[in-house]
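Here is the structure we will look at.
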Amino acid sequence: MAQIYLDNAATTKMSKTAIKAMLPYMDEIYGNPSSLHSVGQKAAEALTESRRRIAKRLGCDEKEILFTSGGSESDNQAILSAATIGERKGKKHIVSTAFEHHAVLHTLQKLKKHGFEITLLPVSEDGLITEQQVENAIRPDTCLVSVMYANNEIGTIQPIEKIGEICRKKGVIFHTDAVQAVGHVRVDVQREHIDMLSLSAHKFHGSKGIGALYVRKGIPLTSLIEGGAQERGKRAGTENIPAIVGMAVALDEACENMEKNTKKLTKLRNMLIDGLSTIPHSVLNGDCEKRLPTNVSFCFEGIEGESLLLLLDDKGICASSGSACTSGSLDPSHVLLAIGRVHDIAHGSLRLTLSEENTEEEIKYTVSAVKEVVAYLRGMSPIWRDLVNGKKEFIIK
Amino acid sequence: MALYSEKVMDHFRNPRNVGVIENADGIGEVGNAKCGDIMKIYLKIEDGIIADVKFETFGCGSAIASSSMATELIKGEPVSEALALTNKAVVEALDGLPAHKLHCSVLAEEAIKKAIQDYYEKNGIEYDKTQFPNCENCSHCSAHAE
Ligand SMILES: Cc1ncc(COP(=O)(O)O)c(C=O)c1O
Ligand SMILES: [Zn+2]
């Protein structure tokens with residue numbers, strides 16, 4: 001079988017429609033949107049039009065969209081801006097969760113060094129947090145609540161609308177890292193009371209290195225990059241017009257096909273989950289209902305994730321793992337640890353993330369390939385021998 | 001460039017000497033599941049020669065390849081030669097490992113030493129304890145010792 005790409009949470013293949021839309025902006029319409037001449041003004045029109053289209057998809061005003069270099073920059077800018085606002089009022093407490101992306105966690109770590117107090121909410125075994133947890137954590141000096149929309153490793157979707165309601169009621173800025181959600185589930189910043197939202201084009205078939213930050217009117221932003229007056233003075237640098245055009249087109253395409261794709265993906269995802277669940281001593285990570293239609297994440301007892309990935313790659317399957325050995329650090333993924341998977345189990349994790357291009361045939365092949373490789377690796381694992389011989393107790397029953 | 005050399009991938013894909021030896025003369029197990037690598041070495045020793053060696057490994061690609069290569073390097077060698085095997089020799093034989101994977105080759109060296117130590121203990125053979133790793137506070141896993 002040809003290559004089967006099941007790592008769409010890492011990045012996606014670009015949409016052909018988006019590529020086509022981008023090409024003229026690398027060719028004849030190469031102008032700088034800040035220039036007054038016609039080729040520049042054509043680029044400026046594309047910028048305005050793209051901003052308008054993206055705003056429409058999120059349910060906000062086009063003035064509330066700021067283009068950035070991607071999810072990481074959006075997260076950084078959102079959090080640092082809210083912190084700046086908070087500091088001015090003497091509010092230096094932030095509420096977030098233990099399983100955020102590092103773009104959020106590391107920014108919060110930085111703020112901690114500047115005297116901010118950070119509350120990281122613990123995550124349930126199902127990979128969820130509740131609005132009640134958020135409500136209980138908010139204090140009079142809380143300046144920001146940042147909760148990711150959907151987790152990048154285990155795909156769980158958080159109760160964003162309810163959290164938004166609470167933050168609005170309490171008058172606290174609410175930011176959500178929606179990098180894994182936008183283009184895959186319906187996001188509406190009005191209905192969900194979201195004040196700031198990060199998104200990244202390459203997670204929905206746009207290009208890499210481009211993203212956006214939605215910021216509700218009235219919330220002043222702090223700029224991370226000083227220079228020209230682009231993006232209303234909040235993000236200097238000549239705009240990446242081709243990438244912005246591609247992002248708008250890719251988002252439109254994703255949203256137009258969302259119902260159809262969700263139906264197809266949910267079916268494929270459940271097939272994959274059902275298939276992998278038949279592997280003994282395996283466990284699905286994250287709630288099976290409140291999860292992205294694209295995400296499957298498992299832990300297999302007695303094996304290590306990197307060797308699993310390498311052998312799957314030999315079989316043409318591109319996957320990902322939260323094992324320490326794949327991250328280059330000593331510790332396995334903080335997300336798996338946050339949902340209570342112990343080290344031994346977290347090392348044996350596998351993440352498969354789908355796109356609408358995947359087929360049932362690919363899923364069937366993947367299930368049998370994973371079964372084969374897991375059995376093979378267990379066959380040479382001293383831990384597995386001890387477990388089978390009853391010298392050690394299984395952690396995953 | 002790929003993460004691993006051709007040699008590493010060869011030993012990872014087709015590991016030599018996988019398995020167990022029933023009634024082994026020496027068994028050595030190092031590492032722990034917490035840090036993601038466990039290596040277990042079984043030795044059959046006849047007339048001071050490593051007559052047979054098998055391994056079981058829970059770990060990443062370089063851990064499996066290091067086990068495979070290390071067992072190949074000591075098979076048929078005198079015990080004294082096996083004791084002298086360094087992780088450096090394993091890494092060189094594998095045409096190198098990425099820096100953050102070097103600990104996997106250390107595990108291979110230590111697992112062999114531990115298996116030989118076990119052989120000495122079982123047979124009441126006198127030996128110099130300082131030649132052997134002290135697994136109670138081994139450096140690469142102590143980060144997780146709790
Ligand atoms: C949840 C989440 N946030 C942020 C990012 C960072 O996005 P980018 O790669 O566009 O900087 C990612 C992507 O890895 C992500 O999954
Ligand atoms: Zn390793």
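Throughout, read-outs are computed from the coordinates displayed, never taken from laboratory work. As the structure is a computational prediction, the values presented were derived from the model and not from experiment. Virtual Cβ from ideal backbone geometry, glycine too; neighbours counted across all protein chains shown.
Hey, among the residues in the stretch B:96-137 that are part of a loop (DSSP other than H, G, I, E, B) and in contact with a helix residue (DSSP H, G or I) (Cβ under 6 Å, 6 or more places away or on another chain), which one's farthest from ligand 1 (Cβ to nearest atom)? Steps first, answer last, please.
Taking the stretch B:96-137 first, the residues part of a loop (DSSP other than H, G, I, E, B) are B:96-98, B:123-128, B:132-134.
With the extra rule that they be in contact with a helix residue (DSSP H, G or I) (Cβ under 6 Å, 6 or more places away or on another chain), the set shrinks to B:97, B:127, B:132-133.
Values: B:Leu97: 27, B:Tyr127: 52, B:Phe132: 44, B:Pro133: 39 Å.
In this case the residue turns out to be B:Tyr127.
Go through the stretch A:333-391 and give me each residue that's of a type in the set (S, T, N, Q), assigned to a loop (DSSP other than H, G, I, E, B) and more than 18 Å from A:Asn8 (Cβ to Cβ). Quick ask: steps written out before the conclusion?
From the stretch A:333-391, those of a type in the set (S, T, N, Q) are A:333, A:349, A:353, A:355, A:358-359, A:366, A:368, A:381, A:389; that's our starting set.
Narrowing the set further to residues that are assigned to a loop (DSSP other than H, G, I, E, B) leaves A:333, A:355, A:358-359, A:381, A:389.
Within the stretch A:333-391, A:Ser381, A:Asn389 qualify.
One line per residue, one yes/no per condition, for (1) in contact with a Gly (Cβ under 6 Å, 6 or more places away or on another chain); (2) within 16 Å of ligand 1 (Cβ to nearest atom):
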| position | (1), (2) |
| --- | --- |
| A:Gly302 | no, no |
| A:Ser320 | no, yes |
| A:Val342 | no, no |
| A:His347 | yes, no |
| A:Thr353 | no, yes |
| A:Val374 | no, no |
| A:Gly379 | no, no |
Of the candidates B:Lys40, B:Lys101, B:Lys44, B:Lys34, the one satisfying the condition of being charged (D, E, K, R) and out of contact with any Asp or Glu (no Cβ under 7 Å at 6 or more places or on another chain) is B:Lys101
Per the filter on the stretch B:10-57, residues surrounded by fewer than 21 Cβ atoms within 10 Å (Cβ to Cβ) and within 15 Å of ligand 2 (Cβ to nearest atom) are B:Pro15, B:Asn32
